[in-house]
Amino acid sequence: MKSVHKRRRGSRIAALFGVLLGLGLIVGIGYVLAQASLFDGGGPASAGPSASTETEPPKPVLRIVFPEGFTRAEMARRIAAVNEIAVEKRGITPSLRPRAYLAASEDLRLLPAGFEGSGAPDLEGFLFPATYSFTEDTTSAELVDLQLVAFNREWAKIDLDYAKSKNLTPYDVLIIASMIEKEVQVPKERSLVSAVIYNRLKARMPLGIDATIRYGFDIPPTKAIT
């Protein structure tokens, strides 16, 4: 029975790569290092007249960039970096806080539809990587909400019928796609990595995915795996 279970599990995962070859947009793990980025949409707000006929000028719009492959921890560090730039360069103190962001991204009540009961320990992998605009009043919880909205929008574009026919869950797709994403250096390598994993599964070989080891043990890409 154990060997049958292994064969079924191997075939389930192997079958996924027909879906993964064109996926390339959901990534939640990895150790891609990038410089903090911050763009603004205008100068700092100045104090306006108190007359009731005057409207308060719009607050400056800032932007934060989360590259593909960033973990929750890396996103929290990016928030800290962007906050520092906002204070030093713009004289603005954002409401975003790294600790609050980590806390908000642990709320499993926010899991996207279809992932309930998936066993996900937090929202790792669901925080869509993109550029987000915010103001000094935007909270960490609101930023997490923006990322989940983006994830839901992009995830809805994926046809999971084939994966479902192979008894693969949406979370299976997300995890394995994340492994592939972190193994590649450029997008064109995705199909190659998929083929390698597929062949190893067919041969009943260990996958040997370095990205999972680095992720699990928090080993940066600049440090060798011993």
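The values are calculated or read from the model by the stated rules, or taken from the named source; none is laboratory data. Given the structure is predicted, the values throughout are model-derived calculations rather than measurements. For neighbour counting, all protein chains shown are included, and Cβ atoms are generated from backbone atoms with ideal geometry for every residue, glycine included. Keep in mind that these areas ignore ligands, DNA and RNA; they rest on the heavy atoms of the full protein, side chains included. Shrake-Rupley method; radii C 1.70, N 1.55, O 1.52, S 1.80 Å.
From the list 172, 137, exactly one residue is acidic (Asp, Glu) and at pLDDT below 95. Which is it? Reasoning before the result, please.
Working: 137 fails: at pLDDT below 95.
Residue meeting the stated conditions: 172.
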Unique match (being modelled with pLDDT of 95 or more, outside any helix (DSSP H, G or I) and under 25 Å from residue 182 (Cβ atoms)) among 96, 123, 102: 123
Test: residue in the stretch 189-207 that is open to solvent by 60 Å² or more (accessible area, probe 1.4 Å) and either within 24 Å of residue 117 (Cβ to Cβ) or touching a strand residue (DSSP E or B) at 6+ places or on another chain (Cβ under 7 Å) (or both): no
Total residues in the stretch 116-144, condition under 15 Å from the mean Cα position of the chain (by Cα) and surrounded by 13 or more Cβ atoms within 10 Å (Cβ to Cβ): 13
Residue list for the stretch 147-162, filter: over 25 Å from residue 79 (Cα atoms) and surrounded by 12 or more Cβ atoms within 10 Å (Cβ to Cβ): 158, 160, 162
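Quick one: count up the residues across the stretch 76-118 that are aliphatic (A, V, I, L, M), under 24 Å from residue 60 (Cβ atoms) and out of contact with any helix residue (DSSP H, G or I) (no Cβ under 9 Å at 6 or more places or on another chain). Before you say what the answer is, go through the steps one by one.
Just the residues of the stretch 76-118 that are aliphatic (A, V, I, L, M), to begin with: 76, 79-82, 85-87, 92, 96, 100, 102-104, 108, 110-111, 113.
Imposing the further condition that a residue be under 24 Å from residue 60 (Cβ atoms) reduces the set to 76, 79-82, 85-87, 92, 96, 100, 104.
Retained after the next criterion (residues that are out of contact with any helix residue (DSSP H, G or I) (no Cβ under 9 Å at 6 or more places or on another chain)): 81-82, 85-87.
Of the residues in that region, 5 qualify.
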Test for residue 150: is it of a type outside the set (Val, Ile, Thr), at pLDDT below 95 and part of a helix (DSSP H, G or I): no
